[in-house]
Amino acid sequence: MLRILLGEPPRENSGVLAEAMEHMAKAASMLRKEMIAHEDRDHEFRKLEIWTRGLISSLDELEQSWFAAAFYRKSVVAGYMDDMSSMEQGEYARYVYFYKNGFIRVFSLLDKLGTVLNSLYHLDTGKVKTHFSYFTVLRQFQLLRAHNPLADELERIKNSYREPVENLRKRRNAEIHYMNAEMTDDLWQRHQGLHDKIRLEDLDSHLEDLKQSLEMVCKSLAAAFRYGNEQWHKNKAAPSLKSGQADS
């Protein structure tokens, strides 16, 4: 959608994005078939299908946010806000909007994935923490020693992207709890010299953190749904959903 508004050709999914989309679409299709075959009286299959399709939409929106932020970043050439023309300030504002939209969506999407995993594998994470996050779910996998192949792969992915995700987490927390994320560096610079011009934050470094976090999200989704689809076929669909048995 955003590519069309920006005059760019539609996206062609590739790499880890395509892999994640493919595994999620396959899961949604299988859930739909199970609803038809077993009537789904407790609406469990329907709930999981809706959640899965929601993850597909969320991943699409996250990727579009990163793309739009990168698109508008190209028009920001001044190193200082005071040196920008009014047009460039507008481009910078659009970059900031989509960048912030992107890093907020990273954690929103991961938490949605955590909700799906918690329900699918009966982890009861809510008993540990009422408002749990994706990272709480990963700890619960380890605590229960449940579905070790999946738990270990998700943990490896998380650890591989620890730095960029942590950078985004700090900016997300600043944005939500303290001040606009793009202004935290401004505050630090004011401490250094009250009357100095404010240099822009490192836009390329921030975009790279978002890109790396998008890749982490894609790999986590691909791993989770690949594993789920394999378990589905292995345990003949319905039993794998209902039993929640650990695969160690």
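Return the residues of segment 103-117 that are farther than 15 Å from E201 by Cβ and in contact (Cβ under 8 Å) with a residue 60 or more places away in the chain; say none if nothing qualifies. Walk me through how you get there before you give the answer.
Taking segment 103-117 first, the residues farther than 15 Å from E201 by Cβ are 104-117.
Residues satisfying the conditions are I104, V106, F107, L109, L110, K112, L113, T115, V116, L117.
Determine whether E91 is farther than 17 Å from H206 by Cβ, acidic (D, E) and part of a helix (DSSP H, G or I).
Values: farther than 17 Å from H206 by Cβ: no; acidic (D, E): yes; part of a helix (DSSP H, G or I): yes.
It is false that E91 is farther than 17 Å from H206 by Cβ, acidic (D, E) and part of a helix (DSSP H, G or I).
For the list (1) farther than 21 Å from V137 by Cβ; (2) at pLDDT 95 or above, I need the number of the one condition that G54 fails.
Result: G54 fails condition (1) only.
When the residues of segment 44-58 are filtered to those that are in contact with a helix residue (DSSP H, G or I) (Cβ under 7 Å, 6 or more places away or on another chain) and among the β-branched types (V, I, T), which remaining residue is farthest from Y121 (Cα to Cα)?
Applying the filter and picking the extreme gives I56.
On the basis of being surrounded by fewer than 20 Cβ atoms within 10 Å (Cβ to Cβ) and within 17 Å of L214 (Cβ to Cβ), does K158 make the cut? Talk me through it step by step, then tell me what you get.
Numbers: surrounded by fewer than 20 Cβ atoms within 10 Å (Cβ to Cβ): yes; within 17 Å of L214 (Cβ to Cβ): yes.
Yes; evaluated as a whole, the condition is true for this residue.
Being part of a loop (DSSP other than H, G, I, E, B) and of a type outside the set (G, A, S) is the filter here; which residues of segment 45-83 pass it? Can you show your working first?
Residues of segment 45-83 that are part of a loop (DSSP other than H, G, I, E, B), as a first pass: 74-79.
Scanning segment 45-83 gives K74, V76, V77.
Hey, could you check segment 192-228 for residues that are modelled with pLDDT of 90 or more and acidic (D, E) and say which is nearest to L110 (Cα to Cα)?
E215
From the list R3, R94, which one is more than 23 Å from R171 (Cβ to Cβ) and either at pLDDT below 95 or not aliphatic (A, V, I, L, M) (or both)? I'd like the intermediate steps shown before the answer.
Details: R94 fails: more than 23 Å from R171 (Cβ to Cβ).
Just one listed residue meets the conditions, R3.
When you look at Y97, is it more than 22 Å from the chain's Cα centre (by Cα) and not basic (K, R), yes or no?
Numbers: more than 22 Å from the chain's Cα centre (by Cα): no; not basic (K, R): yes.
When the stated conditions are applied, Y97 does not pass them.
With respect to the numbered conditions (1) closer than 23 Å to K219 by Cβ; (2) surrounded by fewer than 19 Cβ atoms within 10 Å (Cβ to Cβ), which one is the sole condition not fulfilled by L17?
(2) is the only condition that L17 fails.
Could you tell me whether any residue of segment 67-90 is without any contact (Cβ under 8 Å) to a residue 60 or more places away in the chain, crowded, with 16+ Cβ neighbours inside 10 Å and in contact with a Phe, Trp or Tyr (Cβ under 6 Å, 6 or more places away or on another chain)? Outline the logic, then answer.
Going residue by residue through segment 67-90, those that are without any contact (Cβ under 8 Å) to a residue 60 or more places away in the chain are 72, 74-75, 77, 84-90.
Add one more test, that the residue is crowded, with 16+ Cβ neighbours inside 10 Å, and what stays is 72, 84.
After this cut, where a residue has to be in contact with a Phe, Trp or Tyr (Cβ under 6 Å, 6 or more places away or on another chain) as well, the list is 72.
Yes: segment 67-90 contains one or more residues that are without any contact (Cβ under 8 Å) to a residue 60 or more places away in the chain, crowded, with 16+ Cβ neighbours inside 10 Å and in contact with a Phe, Trp or Tyr (Cβ under 6 Å, 6 or more places away or on another chain).
Could you tell me which of the residues L150, L123, L168 is crowded, with 20+ Cβ neighbours inside 10 Å, within 24 Å of Q231 (Cβ to Cβ) and within 19 Å of the chain's Cα centre (by Cα)? Explain how you work it out, then say what you get.
Details: L123 fails: within 19 Å of the chain's Cα centre (by Cα); L168 fails: within 24 Å of Q231 (Cβ to Cβ).
The conditions single out L150.
Yes or no: R139 over 14 Å from the mean Cα position of the chain (by Cα), surrounded by 14 or more Cβ atoms within 10 Å (Cβ to Cβ) and in a helix (DSSP H, G or I)? Walk me through it before giving the result.
Details: over 14 Å from the mean Cα position of the chain (by Cα): yes; surrounded by 14 or more Cβ atoms within 10 Å (Cβ to Cβ): yes; in a helix (DSSP H, G or I): yes.
When the stated conditions are applied, R139 passes them.
The values are calculated or read from the model by the stated rules, or taken from the named source; none is laboratory data. Nothing here was measured: the structure is a model prediction, and the numbers come from that model. Positions of Cβ are generated from backbone atoms using ideal geometry, with glycine treated the same way; all protein chains shown enter the neighbour counts.
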